[in-house]
Amino acid sequence: MADEENLPSGWEKRMSRSSGKVYYFNHITNASQWERPVGDGRGEPEKVRCSHLLVKHNQSRRPSSWREQNITRSKDEALVLIQKYIEQIKSGEEKFESLASQFSDCSSAKNGGDLGVFGRGQMQKPFEDASFALKVGDMSGPVFTDSGVHIILRTG
């Protein structure tokens, strides 16, 4: 497809099997949307601000948190939880900040998952790449790092 070159980094055009409509998928953030993604023309920002919800598992580099002394869930079980949270947020049933405050295995939970402002080289690479690929207000799909499985919300 000739217009593939004009898509922002990480995005690809796909066809929905259920509706037959074209949609766009970002392989960095695992986000999908019906609208064609557009670059802002200004290039990448130096810093971004994000919130996240982290679900650790028994293979996480530190399988304990403020919520649970010894985390025993599997990586697959962590992914199931993350997908459930994503659905609750997308459906409007729950707010991101509320779920992060209650269920994130990161100490940022006390701030609704807010990590503040950060630049390149400050976060684990998959988390960084997903954060910088999101537009302000966008939420990622599941993002895997050595810490566990994340949902990332770009806030600035």
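The values are calculated or read from the model by the stated rules, or taken from the named source; none is laboratory data. Computed from a predicted structure; not experimentally measured. Please note: Cβ atoms are built from the backbone with ideal geometry, for glycine as well, and neighbour counts cover all protein chains shown. Note: accessible area is taken over every heavy atom of the protein model, side chains too, but ligands, DNA and RNA are not part of it. Shrake-Rupley method; radii C 1.70, N 1.55, O 1.52, S 1.80 Å.
Arg73 fulfils the conditions (1) open to solvent by 70 Å² or more (accessible area, probe 1.4 Å); (2) assigned to a loop (DSSP other than H, G, I, E, B); (3) among the basic types (Lys, Arg); (4) modelled with pLDDT of 90 or more except for a single criterion, (1).
Residues of the range 45-70 that are surrounded by fewer than 16 Cβ atoms within 10 Å (Cβ to Cβ) and out of contact with any helix residue (DSSP H, G or I) (no Cβ under 8 Å at 6 or more places or on another chain): Glu46, Lys47, Arg61, Arg62, Ser64, Glu68, Gln69, Asn70. Of note, Ile152 does not satisfy the criterion of being surrounded by 16 or more Cβ atoms within 10 Å (Cβ to Cβ) and in a helix (DSSP H, G or I). For residues that are aromatic (Phe, Trp, Tyr) and under 19 Å from Pro8 (Cα atoms), scanning just the range 106-156, find the one that is modelled with the highest pLDDT. By that ranking, first place goes to Phe127. No other residue among Lys13, Lys84, Lys95 is closer than 22 Å to Asp129 by Cα and either of a type outside the set (S, T, N, Q) or at pLDDT 95 or above (or both) apart from Lys13. Residues in the range 136-149 that are assigned to a loop (DSSP other than H, G, I, E, B) and surrounded by 14 or more Cβ atoms within 10 Å (Cβ to Cβ): Asp138, Ser140, Gly141, Pro142, Ser147.
I'd like to verify a number: residues in the range 90-114 that are assigned to a helix (DSSP H, G or I) and in contact with a Ser or Thr (Cβ under 9 Å, 6 or more places away or on another chain), how many? The qualifying residues number 8.
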